[in-house]
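K.L.:
Supplied in C-alpha cells, the structure appears directly below.
We did not get these values from a lab; they are worked out from the coordinates using the rules stated. Since the model is a prediction, treat every value here as computed from it, not as a measurement. Methodologically, a virtual Cβ is constructed for each residue, glycine included, from the backbone with ideal geometry; neighbour enumeration extends over all protein chains shown.
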Amino acid sequence: MLSLLAQTAPGEFLDGLKAIGAGLGYGLAAVGPGVGIGLVVGNAITSMARQPESAGMVRTTMFLGIAFTEALALIGFVVFILLLP
Amino acid sequence: MSILALEFPPVSHLFDWPTIWLDGTPLAINKTVLIYLAATAATMVLFGLAGRPRESLVPVGVQHVAESGVNFIENSVVMQTIGPDGKKFMPFLTSMFFFILFSNITEVIPFIQFPANSRMAIPITLALLVWVIYNVVGVKSQGLFGYLKNSLFPPGVPKVLYVIVTPIELVSTFVVKPFSLAIRLWANMVAGHLLLVTFAILTATLWDFFYVPAALPFLMLIAMTAFEILVSVLQAFIFTILTAVYIGGSMHPEH
C-alpha cells in the first residue's frame, strides 16, 4: 500500500483524497435527510389512513416537507460535484 | 478485465455544450438555449391554442390539457397555500409550472436527453424573480414596516430569543429562500441526468463484452427513465408550490 502511494504523483494523491472526501461527504449528508423524509412520508401516510378525507391537504403539505428536508441532501450533492477532481 | 476501467466522461463534458450560433456575443446560442426557447414556445403555443375561441363548450385536445393544468394549479397550489385572494397570481404560477415542466422533460425525450434546468442560469433567474415578487407583495400588503416586523420578529417568541431568532430569520428570508429554491431544481436535474448517463454508459460498456448481463443495467435505465419523468413533474410542482407558499406567507402573516 505504501509503495503504491509512493509511486503516485503528489497531485494524484490529492485528487484521490478529494474523491474520498467528496464521496464520504455526500454519503454523510444523505443520512439525515433520508431519516427526515422517511419520518415525513410515514407520518403523512398514517394521517391519510386515519382521515382519508384530508388526503389532499396532507399530500400537499407532505411534498412541502419533503422539499425542505431534501434541500440538505442536495447541498451535500452540490458539494460532491464541487469537490470532484 | 477492462469492465472496471469504465470510461466515464468528466462532469463538465456532460453539461457544457458548444456554441452553435452567434459565438462570442452575449446572445450565443447552444443546446441549452435552444431547449429553453423550445420550452417557451411550447408554453405559448399550448395556451395560445387552448385560448382561441371555438364553437363547442366541451374542452377537447389541447384545450383539455391546458384547462386541467390551470385547474390543478388552482386547486392544489393556490387554494391550498394562498387562498382565494391568490387567484391573481394564477397566470404567473401556471405559466411558470409549464415552462419548468417543458424544460425538465427534455431529460427523457429521445435525441435531446438533456434537462435544460441542469444549468444554473434559468433556475436562479426564476428564483430571483420569485424573491422580488414575494418581497413586493409583502411590502404592498403589510407596509414596509409591518412586513419587516412580521418577517424579522415573528410573533409569539419570547423577547430574549429575538437575539437569536432575528439574524436567523434575516438570513433565511432574504438569502436562503431564493437560493434553496434554485438549488433544489438545479441539483435534482443534475442528479437525474448523471443517473441516466451512468446507466447508459454501463449498458453500452457491458454490451461490448457480453450481451446478456447488459440487460440488467438496461432494465435499470428504463426504470430510472420512468422515475425521472416523475421527478421532472414533481420538481416543477414543488417550485410552483414553494413560490405560492412564499407569496402566501408574505401576504397573510401568522398572528
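K.L.:
To the nearest 20 Debye, how big is the dipole of the protein assembly as shown about its Cα centre, given +1 on the beta carbon of each Lys and Arg and -1 on that of each Asp and Glu?
P.N.:
So the magnitude is around 860 debye.
K.L.:
Right, here's the next one. Over the Cα atoms of the range B:84-200, each weighted equally, I'd like the Debye log10 I(q)/I(0) at q = 0.09, 0.10, 0.14 Å⁻¹, rounded to two decimals.
P.N.:
Log10 of I(q)/I(0), two decimals: -0.37, -0.45, -0.75.
K.L.:
Relative to the present Cα-Cα distance, how much length would full extension add between B:Ala223 and B:Thr166 at 0.36 nm per residue of separation?
P.N.:
Length gained between B:Ala223 and B:Thr166: 15.9 nm.
K.L.:
Okay, next question. Let's test the formula: R0 of 30 Å, r as the Cβ-Cβ distance of B:Thr125 and B:Phe145. What FRET efficiency results, to the nearest 0.05?
P.N.:
Efficiency for this residue pair is about 0.50.
K.L.:
Can I ask one more? Cross-link candidates for B:Lys159: which aspartates and glutamates have Cα within less than 20 Å, leaving aside residues fewer than 8 places away along the same chain?
P.N.:
B:Lys159 reaches B:Glu169, B:Glu254.
K.L.:
Please sort by residue number the chymotrypsin sites (Phe, Trp or Tyr not before Pro) in the range B:126-210 whose DSSP state is loop and whose Cβ has at most 11 other Cβ atoms within 10 Å.
P.N.:
B:Phe210
K.L.:
For the range B:154-255, state which GluC sites (Glu not before Pro) are in a DSSP loop and have at most 12 other beta carbons lying within 10 Å of their beta carbon.
P.N.:
Passing both the DSSP loop test and the Cβ count: B:Glu254.
K.L.:
Taking the dipole about the Cα centre of the range B:11-251, with the C-beta of Lys and Arg at +1 and of Asp and Glu at -1, give me whichever of B:Ile109, B:Ala204, B:Val78 is farthest to the positive side.
P.N.:
Looking along the dipole axis, the top candidate is B:Val78.
K.L.:
Charges on Cβ only, +1 for Lys and Arg, -1 for Asp and Glu, centred on the Cα centroid of the protein assembly as shown; of B:Ala187, B:Leu234, B:Pro18, which one is farthest towards the dipole's positive end?
P.N.:
B:Leu234
K.L.:
Counting only Cα, what are the radius of gyration and maximum Cα-Cα distance Dmax of the range B:165-255, in Å?
P.N.:
Cα radius of gyration and Dmax of the range B:165-255 are 20.0, 66 Å respectively.
K.L.:
Ok, one more. Using only the Cα atoms of the protein assembly as shown, construct the convex hull and provide its projected area averaged over every direction, in square nanometres to one decimal.
P.N.:
26.0 nm²
K.L.:
Turning to a different aspect of this structure: Taking all pairs of different Cα atoms in chain B, averaging 1/r and flipping that mean, what Kirkwood radius in angstroms comes out?
P.N.:
21.0 Å
K.L.:
What is the distance in Å between the Cα centroid of the range B:35-58 and that of the range B:11-28?
P.N.:
Cα centroid of the range B:35-58 versus Cα centroid of the range B:11-28: 29 Å apart.
K.L.:
Could you give me the ³J(HN,Hα) list for the range B:72-86, computed from phi with Karplus coefficients 6.51, -1.76, 1.60 and θ = phi - 60°, whole Hz, x at Gly and Pro?
P.N.:
Computed from phi, the couplings for the range B:72-86 are 4, 5, 5, 7, 9, 10, 6, 5, 6, 10, 9, x, x, 7, x Hz.
K.L.:
Now, a different point. In whole Å, what is the distance between the alpha-carbon centres of the range B:82-132 and the range A:68-85?
P.N.:
Measuring centre to centre over Cα atoms gives 21 Å.
K.L.:
Lysines within cross-link reach of B:Lys87: Cα-Cα under 29 Å, excluding same-chain residues under 8 positions apart?
P.N.:
Cross-link targets: B:Lys140, B:Lys149, B:Lys177.
K.L.:
Using only DSSP helix segments of four residues or longer, with each worth -39500 (n - 2.57), what per-residue ellipticity at 222 nm results for the protein assembly as shown after dividing by its residue count and rounding to 500?
P.N.:
Mean residue ellipticity at 222 nm (helix-derived): -25000 deg cm²/dmol.
K.L.:
Starting from the Cα gyration tensor of the range A:34-85, multiply each eigenvalue by 5, take the square root, and state the resulting semi-axes largest first in whole Å.
P.N.:
Calculated on Cα positions only, the semi-axes equal 31, 10, 5 Å.
K.L.:
For B:Phe153, what charge total do you get from the other residues with a beta carbon under 11 Å from its beta carbon, if Lys and Arg give +1 and Asp and Glu give -1?
P.N.:
Overall, the nearby charge balance is +1.
K.L.:
Under a Cβ-only charge scheme (Lys and Arg +1, Asp and Glu -1), can you give me the dipole magnitude of the range B:11-251 about the Cα centre, in debye to the nearest 20?
P.N.:
700 debye
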